[in-house]
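The values are calculated or read from the model by the stated rules, or taken from the named source; none is laboratory data. Source: prediction; values computed, not measured. So basically every Cβ, Gly included, is an ideal-geometry build from the backbone, and we count neighbours across all protein chains shown. Calculation scope for accessible area: heavy atoms of the full protein, side chains included, ligands and nucleic acids excluded. Shrake-Rupley method; radii C 1.70, N 1.55, O 1.52, S 1.80 Å.
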Amino acid sequence: MGGLQAVPLLWYQVLAAVLFTIGVVGVLVRRSALVIFMSIELMLNAVNLSLIAFSRQHGNMDGHIIVFFVMAVAAAEVSVGLAILVSIFRSRETANVDDVHLLKG
Amino acid sequence: MLEPLLFAMFSGVAVGCALGVVFHKNPVHCALLLVGVMLSLAGIFILLHAQFVAALQVIIYAGAIMVLFLFVVMLLNVKGETPLLTPGAAKGFGFFFALIICVELLWTVLSPGGQEGAPSEAVPLPRDFGSPAALGRLLYTTWLYPFEITSILLLVAVVGAVVLAKRKFF
Amino acid sequence: MNALPLLWAVPALPLAGAIVNGVLAGKLPRRLVSAIGTGTVGVAFLIAAACFLELLRLPAGERVFVQQLYSWVDSGDLHVPVRFAMDPLSAVMMLIVTGVGFLIHVYSTGYMGHEKAYGRYFSYLNLFTFAMLVLVMADNFLVMFFGWEGVGLCSYLLIGFWYERPSAAAAGKKAFIVNRIGDFGFLVAMFLIFTRFGTLDFATVFAKAPAAFLPGGAVVTAITLFLFLGCTGKSAQIPLYIWLPDAMQGPTPVSALIHAATMVTAGVYLVARCGVLFALSPLGSAVVAGVGALTALFAATIALKQWDIKRVLAYSTVSQLGYMFVGVGTGAYAAGMFHLVTHAFFKALLFLGSGSVIHAIHHAYHATHTHEDAQDMRNMGGLARYMPWTAALMWIATLAIAGIPPLSGFFSKDEILGAAFAEGTVRPVWYVFWAMGIAAALLTAFYMTRLMLYTFHGPNRTGEREREHLHEAPPVMTGPLVVLGVLTVMGGALNVPDLFGGNAFLEHWLEPVTSLAQRLHPAVEVAHATEWALVAGAVLIAALGIVGAFRLLKPEALVPARLAPPQTGLARFLWKKWYVDELYDAIIVRPVMWLSREVFWKIVDQRIVDGLLVNGTAAASRALGWLGSRLQTGEVGVYVVLFVIGVLAVVGAVVR
């Protein structure tokens, strides 16, 4: 494939920003814990995209490595987070974050 | 030519699925739409010469993580909540802050300051750019230390998940 | 063998005695307590005398011995060592303090023999001796001030010795508080001196003073006036004399030692020591002499109408101190110091004698279980029959204080009056001071004779049954009286002026200390004829006073205190001390109490400090904590929003 002058790298960044924003919206606005979690994953993906695009721009594979680690950590995070969710849901019968406020100070 | 077209297609799908994730009632739908986002992102990765990462995206992210999500959703039999969005002022706050983040990020990238340090277009890529061999070479030399720590992290996560999900503690 | 290196032992011995007796008071047998208490002062006197003899052996210009113990303050520009200096002036004071002090300690073993808190008494008395010695032996202002405060403290402790008596406790408080006002003056003067000279060392300050000050300038006048304020407090002059009559609440030996011979003379010593400064300030010296003269006359008027024997002596002390200040204020330092020495002899004799009287009367009342006032002269009378030694010795003292030659009081008082008159030829206002002194001399002779008449002569009013219990004091009390009597008679030999062909020993002895001051403010000479005339006049006045008392007073007309009619008119005014205490109460004490209660307590302490600062801080903390707790809603949504805000902030900072 030829050079990517056809698609300026900036557009990839813009796409990443948009996806990230949508993820933020999801985190702030949705009440279901599961969906909030998914929105966080969406944000992570947006960041991955940004990293890959920069990596392409600099011609250097460090971005790929970072994305690799992001994925690994995301996997770890998801497993633990879901385990927590499961135990909350077991005792509470609800996945609505508005209902879980026992730590109210 | 082909690039912009492919880019437009993949990005459109990605954004559309993302909006769907955020605004759908049924969590199963949200999960599946998220898978869609990830797959379209994999496509974009390929456009960016990151073949190996694209493969990883599909295998790990879409294939393992999202599957886990779906397991949990179905296990807990979560219905969509009513109301869908958080009521009241918090909703307004949420949209407002998100908007500000969006503006900030775009500003960072698009402003002249953000453009500094970036090389002009078309840096010549090495032959094996994006290949597993190249990634592996980097991973096991420069980035060896983070690699080892990440493996420990994964171990910790496994143990943590097992402990947290038990019905009873010993 | 040179005794001078033992100089430090002179104050150290009484201090050791004070500590031993103070700590072990209850556990030691009475005789040991007496031995320690009197012995330490006695040995201190012997060492002081030995040092004095050493000084005598040295040529006149070199009679200074300095002994540094350690460096007390060493901070920035201020260097204050604990240094004792024995020079002619301090030698005189040391001998008086230890010598007369020893006699009074011995007397106390008899007087306080039945006292429960015997050990505490001797501990305080020794502590006082220590502090007084530090005061007179100090080489710089700050160490002297330490002694100054120390004697004030001991005065408080000893005046309020019988603290269970409310009047005694109040008297102790009054003494201390009034003294504090004087001490403030001393402190301000010290600050001014330090600012000007950068040191508090006597030698340095006095050597540099003539060059550093304009004669009559504002700074040196301020210094002298503030120093004199301290003197009015410590030496009971107008306006701060009010504590001394009340101080008679303490045991009589205490009155003899502290309020006659030693502590109250500290002010006179201070002025003599700082003679250079006073010589440089005509206004300062005039104030000293003027206040002294006024006080001498004022106190004498009050003494005319007091019935408590100790009160008469107290006002007499105030009056005689006034004379001493006239002396040192005029620049006749030797005269002032001479009167200090002779006054120590005869006033201590008078107080101790009155103590014997009170002791006897008290013993009599105790035996008959009556509760009359043992100190009221209206309860006395005709005691010469029962206490011949005491009566005779007290008559000697009375003649001395009146100024009858050849007793010591005559020489010293006369020299002061002569110097005042001489100064008057140059500065006319001194004639007024001289006139006040002469008037006071007349009154002195009168009221002292009155005291003797009412106490020792005429019919006895103590009571039928009490009379058989009256007897002379035991030898341990009468012995010191005899010694003091001898000193009173012979004391004049210390400084016989060459008018009478004497050698003026004290004057020459003090010259190394006073010479600089004398040079700055030379004494005025008057013709010999004038001097003879003054002497004759003074003796005449004294005789007039004594004869007048014999003629005008009728001891037979007196009745015992509890039957006595209340005073009226001028008598009442004098008896009530010109209502000065009442005046002070109205213009100073009440407003201060009001201010303390209404403003400082109710507003500043309760509302501002407690309410605003303490409780307010707590309330503010609680409010802040409450605010903080509002953030902990427990709702994840809120937390996420906060996250996002944080991210915004960080990104924003980075983007800049």
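Return the tail of the calculated pair distribution for chain C, meaning the percent of Cα-Cα pairs more than 43 Å apart. Cα-Cα pairs of chain C separated by over 43 Å account for 28 percent. Residues of region B:95-114 that lose at least 50 Å² of accessible area (1.4 Å probe, protein heavy atoms only) when the other protein chains are present, relative to their chain alone, are B:PHE97, B:ALA98, B:ILE101, B:GLU104, B:LEU105, B:VAL109.
For region A:31-105, give the percent of accessible area contributed by carbon and sulfur heavy atoms, probe 1.4 Å, rounded to a whole number.
Numbers: 1780 of 2690 Å².
Carbon plus sulfur share of accessible area: 66 percent.
Close amide-amide hydrogen proximity is noted between C:ASN503 and C:VAL496, each under 5 Å apart and 5 or more residues distant or on a separate chain (H modeled in the peptide plane; Pro and chain starts excluded). Shape class for region C:508-656, computed from the alpha carbon gyration tensor (a ≥ b ≥ c): oblate, with a/c not under 1.5 and a/b at or below b/c. Considering only A:ALA74, A:ALA83, A:ALA33, the mean-square fluctuation computed in a Gaussian network model of chain A, springs between alpha carbons under 10 angstrom, is largest for A:ALA83. Judged by the gyration tensor of its Cα atoms, with axes a ≥ b ≥ c, chain B is oblate; a/c meets the 1.5 cut and b/c is at least as large as a/b. Working from Cα pairs under 8 Å separated by at least six residues, relative contact order for region A:31-105 is 42 percent. Remark: chain B carries 56 Å² of accessible area per residue (probe radius 1.4 Å; ligands, DNA and RNA excluded). To put it simply, the accessible area of chain B at a 1.4 Å probe is 76 percent carbon and sulfur.
So how exposed is C:THR530, as accessible area in Å² (1.4 Å probe, rounded to 10)? Taking all protein chains as shown, C:THR530 has close to 50 Å².
Counting only protein heavy atoms and using a 1.4 Å probe, what share of the accessible area of chain C belongs to carbon plus sulfur, as a whole percent? Heavy-atom surface of chain C belonging to carbon and sulfur, 1.4 Å probe: 70 percent. Cross-link partners for C:LYS27 among the aspartates and glutamates, with Cα-Cα distance under 19 Å and sequence neighbours closer than 8 places in the same chain left out: C:GLU115.
If exposed means no more than 11 neighbouring beta carbons inside 10 Å and the site is in a DSSP loop, what's the longest run of chain B without any exposed GluC sites (Glu not before Pro)? Please report the intermediate quantities before stating the final value.
Numbers: sites that count: B:GLU116, B:GLU121.
Segment B:1-115 is the longest.
Comparing B:GLY20, B:GLY136, B:GLY63 in a Gaussian network model of chain B, where Cα atoms under 10 Å apart are tied by springs, the biggest mean-square fluctuation is seen for B:GLY136. Look at the stretch C:622-632: the mean tally of other chain Cβ atoms within 10 Å of its residues' Cβ atoms is 1. Taking every residue in B:38-44 and counting other chain Cβ atoms within 10 Å of its Cβ, the average works out to 3. Think of the protein assembly as shown as having a plus end and a minus end, set by charges on the Cβ of Lys, Arg, Asp and Glu; of C:ALA300, B:LEU56, C:GLY424, C:ALA300 sits farthest toward the positive end of this dipole.
Taking a Cβ cut-off of under 11 Å around C:VAL264, the surrounding Lys, Arg, Asp and Glu residues balance to a net charge of +2, with basic ones at +1 and acidic ones at -1. Determine one quarter of the surface area of the Cα convex hull of region A:31-105, which equals its mean projected area, and express it in nm² to one decimal. Computing the convex hull of the Cα atoms and averaging its projections yields 6.1 nm².
Just to be sure I understand: if you take the accessible area of chain B alone plus chain C alone and subtract the pair, with a 1.4 Å probe, what total do you get in Å², rounded to 100?
On the way: alone 13360 and 26860 Å², together 39580 Å².
So the total buried area for this chain pair works out to about 600 Å².
Taking GluC sites (Glu not before Pro) as exposed when DSSP calls them loop and at most 12 other C-beta atoms lie within 10 angstrom, chain C has its longest site-free stretch at C:165-467. Please report, to two decimal places, log10 I(q)/I(0) for region C:237-327 at q = 0.10, 0.22 Å⁻¹ as given by the Debye formula with identical point scatterers on the Cα atoms and no solvent. For region C:237-327 at q = 0.10, 0.22 Å⁻¹, log10 I(q)/I(0) is -0.26, -1.04.
Diagonalise the Cα gyration tensor of the protein assembly as shown and give the resulting equivalent ellipsoid semi-axes, square root of 5 times each eigenvalue, largest first, whole Å. List each step's numbers first, then the result.
Numbers: eigenvalues 2193, 218, 130 Å².
So the three semi-axes of the protein assembly as shown are 105, 33, 26 Å.
For region C:10-25, 3J(HN,Hα) computed residue by residue from phi via the Karplus equation (6.51, -1.76, 1.60; θ = phi - 60°) reads 4, x, 5, 4, x, 4, 4, x, 4, 5, 4, 5, x, 7, 9, 3 Hz, glycine and proline entered as x.
Report, please, the projected area of region B:126-170 averaged over directions, based on the convex hull of its C-alpha atoms, in nm².
Numbers: hull surface 17.4 nm².
So the mean shadow area of the Cα hull is 4.4 nm².
Dipole of the protein assembly as shown computed with +1 at Lys/Arg Cβ and -1 at Asp/Glu Cβ about the Cα centre; of C:GLY267, C:ILE159, A:LEU102, farthest Cα towards the positive end is A:LEU102. For region A:2-96, the set of GluC sites (Glu not before Pro) satisfying both a DSSP loop assignment and a count of at most 14 other C-beta atoms within 10 Å is given as A:GLU93. Remark: region C:1-94 carries 49 Å² of accessible area per residue (probe radius 1.4 Å; ligands, DNA and RNA excluded). Counting only protein chain heavy atoms and rolling a 1.4 Å probe, the accessible areas of C:ARG180, C:ARG622, C:ARG31 rank, largest first, as C:ARG31, C:ARG622, C:ARG180. Annotation: aspartates and glutamates with alpha-carbon distance below 15 angstrom to B:LYS25 (same-chain offsets under eight excluded): B:GLU81.
Close amide H partners of C:TRP72, meaning residues 5 or more places away or on another chain with modelled amide H under 5 Å apart, are C:VAL80, C:VAL82. Per residue, the accessible area of region A:31-105 comes to 36 Å² when a 1.4 Å probe rolls over the protein heavy atoms.
Cα centroid separation, region B:1-80 to region C:572-611: 88 Å.
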